[in-house]
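Undergrad: Just dropping this structure here.
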Amino acid sequence: MSTLVAASENRRRLSALLDGSGVPAAVHYVSLVVAFIVIAFLARNQWFFFDEWSFLSDPNGELWSGHAGHWSTVAVLVWMLIRSVFGIGSYFPFVLLAVATHVVVMHLLWRLMRRIGVDPWVATSVAGLGLLLGAASENLLWAFQYGYMGAVGFALGAVLLARRGPLSLPRAVGIAVLLTVGAATSGTALPFFLTVAVVLWRLHGFPKAAMVMAGPVAVYLGWYLLIAGENPNDYLRATGVDILLTPEFMGAMFVESLGRIIPLPYAGIAVVAVLAIFIAVSLRKRLTDEMLIGVAMAGAGIVFAALTAYSRWGTTVATADSGRYVYMVFVTLAPIIAVGLTRISTSIPSRAFIVSILAVLAVYNTGQLVTAAREEAGRESFVRQAMSAGVDLARMNPDAVDLAATPDSLYFPFSLRLAVDLADDGLDLGEYSHRAWLTALAGVGLTVDDDAAPLPNCVAASPGTLVPADAVITTSSDTTVGMAAIADGEYGQPRDLRLTPGTHSVATFDRTPIVITSTSSPAEVCSDGEE
């Protein structure tokens, strides 16, 4: 008898662990493990990229002042911890953190959908789509984005706490702490302040909601007003009449993001239109607590889109469907979409059809993820090679290279000096191709004499014009000239060189020829006619 009671208790506990949803929940937990393994495998060849160089070069400089306008103290501290434990010889520990963070976010999203009454199979299928969301590959494969996703995870934890039971003091403190830590990780937590405030107000009344929210809001405002450093992206903000055009950016973010997830013509427009009608009809009635949470999550998405449109207007509407924005659109709209799908899945056939559609979308997005992993690994591999070539040039020719220049201006907008320092600190650069060597040579190995003597035989400096080692470039106005090193018929990536009016001698220190790739205004390549 006692054995039967124990077995029954174990089954009860297992059922509670799986949130009461049986087989679908078991499928969800398996999918978490599978997704982690798949993404980790796809990310095995990724490498440090763009913003990560800021964290590598001077993490203390952004510990409190923030990164690109985001309060990033928690993200920087975690980065410093990983570096202290694993060093920078391998990128894998860094990217594994991002993968784990993403998996946790999708699990929290699944739990939220279950809490608001979404059908177990629908919730599992929607979360499964999110787990391998190839349309948002930028987040899944780029280690730097663990802060972006981590902030979302903290915020979702706060929403879940706000949704549960009586608002005891420990629970209220927990919500406030999660929101504060999320805000100190990335600005992506801020839109969810609205969601948590609405849920608390609805379930626990305005006074309690105000008391819980006061702490996180005050702490963030204190940081923003008293500690935050200058945002280098301020020049991108919408100003003047452009502010009136930010709804275009917002609309594009939702429509184009959904269109990237769903490979059908006008799919984004259709989904946004149906959601708008669904929410409008629901608002005409008395919202249930569950429906309110779905609407409040969608509201967080609108707030995020508005803040992004204002602060990133200068990047143009074409960037509105960037992978990181696709991620936020998915997270904020998934609950309300899942609620709607649950309402129409009133029978086994209808539920099976919906799950099948979501499964097909998951397969499609997995394909996108595989493609993106291959493309991004190739891009980052070349950056790694160019840096390695630049470091070798610096070590072999210390007096001939420019340590203040960059070996790859396209994706490594930092100096060769930083590359050398990181290599000395254990950064594994590896071997490099001839093209990477030519790229680094043009990047850090050009010598420029702005007082060169004029030469008689001149031709227009059009793209493709060869500049021999003894030639000069003559300009009549301020000109930006794109130049690439060339050898054995192979070009490196070009470097933009700004020249003032006059005659300039431009050559690589080892006399490797260079070729003009572009000019911003007319210029001439002149020689003495002897070559």
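Undergrad: Conditions first: (1) surrounded by fewer than 17 Cβ atoms within 10 Å (Cβ to Cβ); (2) touching a Pro at 6+ places or on another chain (Cβ under 8 Å). VAL76 passes all but one, so which condition is the exception?
TA: Of everything listed in (1) surrounded by fewer than 17 Cβ atoms within 10 Å (Cβ to Cβ); (2) touching a Pro at 6+ places or on another chain (Cβ under 8 Å), VAL76 misses just condition (1).
Undergrad: To continue, here is another question. Is it the case that TYR91 is of a type in the set (Ser, Thr, Tyr), over 21 Å from the mean Cα position of the chain (by Cα) and at pLDDT 95 or above?
TA: When the stated conditions are applied, TYR91 does not pass them.
Undergrad: Does region 466-486 include one or more residues that are surrounded by fewer than 18 Cβ atoms within 10 Å (Cβ to Cβ) and in contact with a Gly (Cβ under 7 Å, 6 or more places away or on another chain)?
TA: no
Undergrad: Residues in region 487-507 that are under 20 Å from PHE382 (Cβ atoms) and either surrounded by 15 or more Cβ atoms within 10 Å (Cβ to Cβ) or in contact with a strand residue (DSSP E or B) (Cβ under 6 Å, 6 or more places away or on another chain) (or both): how many?
TA: Counting residues in region 487-507 that are under 20 Å from PHE382 (Cβ atoms) and either surrounded by 15 or more Cβ atoms within 10 Å (Cβ to Cβ) or in contact with a strand residue (DSSP E or B) (Cβ under 6 Å, 6 or more places away or on another chain) (or both) gives 7.
Undergrad: Would you please list the contacts, defined by Cβ atoms under 8 Å and residues six or more apart or on different chains, that run from a residue in region 199-220 that is farther than 22 Å from MET291 by Cα to a residue that is of a type in the set (Phe, Trp, Tyr) and outside any helix (DSSP H, G or I)?
TA: The qualifying pairs are TYR220/TRP71.
Undergrad: Please work out which residue is surrounded by the fewest Cβ atoms within 10 Å (Cβ to Cβ), limiting yourself to region 225-242 and to residues that are under 22 Å from the mean Cα position of the chain (by Cα) and not in a loop (DSSP other than H, G, I, E, B).
TA: So the residue we want is TYR235.
Undergrad: I'd like to know if region 360-371 contains one or more residues that are among the hydrophobic types (A, V, I, L, M, F, W, C), in contact with a Phe, Trp or Tyr (Cβ under 9 Å, 6 or more places away or on another chain) and closer than 28 Å to ALA252 by Cβ.
TA: So far as region 360-371 goes, no, none of its residues is among the hydrophobic types (A, V, I, L, M, F, W, C), in contact with a Phe, Trp or Tyr (Cβ under 9 Å, 6 or more places away or on another chain) and closer than 28 Å to ALA252 by Cβ.
Undergrad: Same structure again: Please enumerate the residues belonging to region 87-143 that are among the small types (Gly, Ala, Ser) and outside any helix (DSSP H, G or I).
TA: Scanning region 87-143 gives GLY87, GLY89, SER90, GLY117.
Undergrad: Which residue pairs have Cβ atoms closer than 9 Å, lie 6 or more positions apart in sequence or on different chains, and pair a first residue in region 478-504 that is under 22 Å from ALA436 (Cα atoms) with a second residue that is of a type in the set (Asp, Glu) and surrounded by 17 or more Cβ atoms within 10 Å (Cβ to Cβ)?
TA: What qualifies is GLN493/ASP408.
Undergrad: If I go through region 258-274 residue by residue, how many of them are part of a loop (DSSP other than H, G, I, E, B), surrounded by 12 or more Cβ atoms within 10 Å (Cβ to Cβ) and more than 24 Å from the chain's Cα centre (by Cα)?
TA: 0
Undergrad: Look at ALA386 and say whether it is closer than 30 Å to LEU441 by Cβ, part of a helix (DSSP H, G or I) and among the small types (Gly, Ala, Ser).
TA: For ALA386, the condition - closer than 30 Å to LEU441 by Cβ, part of a helix (DSSP H, G or I) and among the small types (Gly, Ala, Ser) - is met.
Let's see how each residue does on (1) at negative phi; (2) crowded, with 19+ Cβ neighbours inside 10 Å; (3) in contact (Cβ under 8 Å) with a residue 24 or more places away in the chain:
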residue: GLU256; (1), (2), (3): yes, yes, yes
residue: ALA276; (1), (2), (3): yes, no, no
residue: ASP289; (1), (2), (3): yes, no, yes
residue: ILE302; (1), (2), (3): yes, no, yes
residue: THR308; (1), (2), (3): yes, yes, yes
residue: MET328; (1), (2), (3): yes, yes, yes
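Undergrad: Within region 362-420, take every residue that is hydroxyl-bearing (Ser, Thr, Tyr) and closer than 23 Å to ALA507 by Cβ and give me the one that is surrounded by the most Cβ atoms within 10 Å (Cβ to Cβ).
TA: Result: THR406.
Undergrad: Which of (1) over 24 Å from the mean Cα position of the chain (by Cα); (2) under 22 Å from MET297 (Cα atoms); (3) aliphatic (A, V, I, L, M) is the odd one out, the single condition LEU179 does not satisfy?
TA: Here LEU179 meets the rest and fails (1).
Undergrad: What number goes with the only condition from (1) over 17 Å from the mean Cα position of the chain (by Cα); (2) surrounded by 15 or more Cβ atoms within 10 Å (Cβ to Cβ) that GLU248 does not pass?
TA: Here GLU248 clears every test but (2).
Undergrad: Criterion first (over 30 Å from LEU112 (Cα atoms) and modelled with pLDDT under 95) does MET1 satisfy it?
TA: When the stated conditions are applied, MET1 passes them.
Undergrad: Condition first: among the β-branched types (Val, Ile, Thr), closer than 20 Å to GLY153 by Cα and free of Cβ contacts under 8 Å to residues at least 24 places away in the same chain. Now tell me which residues in region 77-126 satisfy that.
TA: ILE82
Undergrad: Can I ask one more? From the list VAL339, VAL326, pick out the single residue that is under 28 Å from GLY187 (Cα atoms), more than 22 Å from the chain's Cα centre (by Cα) and of a type in the set (Val, Ile, Thr).
TA: VAL339
Undergrad: Being modelled with pLDDT of 95 or more, buried (at least 18 other Cβ atoms within 10 Å of the Cβ) and among the small types (Gly, Ala, Ser) narrows it down to one residue among ALA184, ALA218, ALA214; which is it?
TA: Going through ALA184, ALA218, ALA214 in turn, the sole match is ALA184.
Undergrad: Looking at region 279-310 only, could you name the residues that are modelled with pLDDT under 95, part of a helix (DSSP H, G or I) and more than 12 Å from LEU333 (Cα to Cα)?
TA: Matches in region 279-310: ALA280, VAL281, SER282, LEU283, ASP289, GLU290, MET291, LEU292.
Undergrad: All but one of (1) closer than 27 Å to VAL95 by Cβ; (2) polar (S, T, N, Q); (3) modelled with pLDDT of 95 or more hold for SER356, so report the exception by its number.
TA: For SER356, the failing item is (1).
Undergrad: Further question on the same structure: Restricting to region 410-436, what's the tally of residues that are assigned to a loop (DSSP other than H, G, I, E, B) and under 18 Å from THR512 (Cβ atoms)?
TA: So the answer is 2.
Undergrad: Also: Test VAL339 against the stated conditions and say whether it is modelled with pLDDT of 95 or more, of a type in the set (A, V, I, L, M) and surrounded by fewer than 19 Cβ atoms within 10 Å (Cβ to Cβ).
TA: Against the criterion (modelled with pLDDT of 95 or more, of a type in the set (A, V, I, L, M) and surrounded by fewer than 19 Cβ atoms within 10 Å (Cβ to Cβ)), VAL339 does not qualify.
The values are calculated or read from the model by the stated rules, or taken from the named source; none is laboratory data. Keep in mind that what you see is a predicted model, and the values were worked out from it rather than measured. Reconstructed Cβ throughout: ideal geometry from the backbone, glycine too, with neighbour counts over all protein chains shown.
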